[in-house]
Amino acid sequence: MTLQGEIQDPQFLRFLEQIGRERLATFTTGDFLTLDLVHREQFVADELRSCLPDLVEQGIIERTGRGRYILSQRFYGFLGKKGVYTRKRGLDRETNKALLLKHIQDNHKEGSRLQELMQVLPALSRDKVQKLLRELKTERRIHNRGQTKAARWYLVSDETRIAPRNENST
């Protein structure tokens with residue numbers, strides 16, 4: 001049987017050759033199919049998921065979240081595109097919280113709506129932004145006034161932090 005194929009990304013192939021030489025690793029057809037899907041940022045089918053742990057262990061891909069994988073930092077370094085890696089990987093939790101706090105601080109007079117805060121972190125879902133806000137609220141760094149879409153987020157002032165907290169308030 002003869003398979004016809006076209007190399008889509010020669011740099012990616014050179015990276016895989018380098019990894020293979022360093023680790024004396026051979027890649028299965030499943031590995032190549034999985035890597036192609038991750039490289040194109042597509043969903044990895046259930047029948048190929050068994051390839052993921054070995055590819056992570058070899059440093060070719062990284063897990064970024066639930067069922068989400070990207071090519072490794074090493075790959076983007078190989079390409080000389082470390083900034084692309086950072087963008088694809090996303091920011092860490094504390095950095096995201098710091099960005100939310102900065103926006104809330106910059107809008108301290110009128111407060112910040114959830115919709116605005118979602119614009120600060122467009123790569124995150126509504127649920128993830130809300131979870132970060134809940135963490136900041138639990139840490140007593142922010143508080144909200146109002147409910148539903150009308151709710152606005154504010155920084156907690158030093159006076160608010162010292163005063164006893166009413167657990168029934170939102």
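The values are calculated or read from the model by the stated rules, or taken from the named source; none is laboratory data. Note that the coordinates shown come from a computational prediction; the quantities given were computed from them, not determined experimentally. Because the Cβ atoms are built from the backbone with ideal geometry, glycine has one as well, and the counts that use them run over all protein chains shown.
A single member of 102, 97, 128 is assigned to a helix (DSSP H, G or I), of a type in the set (D, E, K, R) and in contact (Cβ under 8 Å) with a residue 24 or more places away in the chain, and it is 97. Taking the criterion of being acidic (Asp, Glu) and not in a loop (DSSP other than H, G, I, E, B), the residues of region 53-93 that qualify are 54, 57, 62.
Going residue by residue through region 91-111, is there one that turns out to be among the acidic types (Asp, Glu), more than 30 Å from residue 155 (Cα to Cα) and exposed (fewer than 12 other Cβ atoms within 10 Å of the Cβ)? Scanning region 91-111 turns up no residue that is among the acidic types (Asp, Glu), more than 30 Å from residue 155 (Cα to Cα) and exposed (fewer than 12 other Cβ atoms within 10 Å of the Cβ).
Conditions (1) assigned by TED's automatic domain parsing to the domain that holds residue 124; (2) farther than 20 Å from residue 31 by Cα; (3) modelled with pLDDT of 90 or more; (4) among the polar types (S, T, N, Q), marked per residue:
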site: 60; (1), (2), (3), (4): no, no, yes, no
site: 67; (1), (2), (3), (4): no, no, no, no
site: 70; (1), (2), (3), (4): no, no, yes, no
site: 77; (1), (2), (3), (4): no, yes, yes, no
site: 99; (1), (2), (3), (4): yes, yes, yes, no
site: 103; (1), (2), (3), (4): yes, yes, yes, no
site: 108; (1), (2), (3), (4): yes, yes, yes, no
site: 113; (1), (2), (3), (4): yes, yes, yes, no
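Of the residues in region 118-154, how many are touching a His at 6+ places or on another chain (Cβ under 8 Å) and at pLDDT 95 or above? Summing the residues that are touching a His at 6+ places or on another chain (Cβ under 8 Å) and at pLDDT 95 or above in region 118-154 gives 3.
One residue stands out among those in region 112-151 that are of a type in the set (Gly, Ala, Ser) and farther than 27 Å from residue 68 by Cβ: the one that is surrounded by the most Cβ atoms within 10 Å (Cβ to Cβ), which is 112.
Taking every residue in region 18-43 that is among the charged types (D, E, K, R) and pairing it with any residue that is modelled with pLDDT of 85 or more, at least 6 positions away or on another chain, the pairs with Cβ-Cβ distances below 8 Å are 23/58; 31/51; 31/54; 31/55; 41/70.
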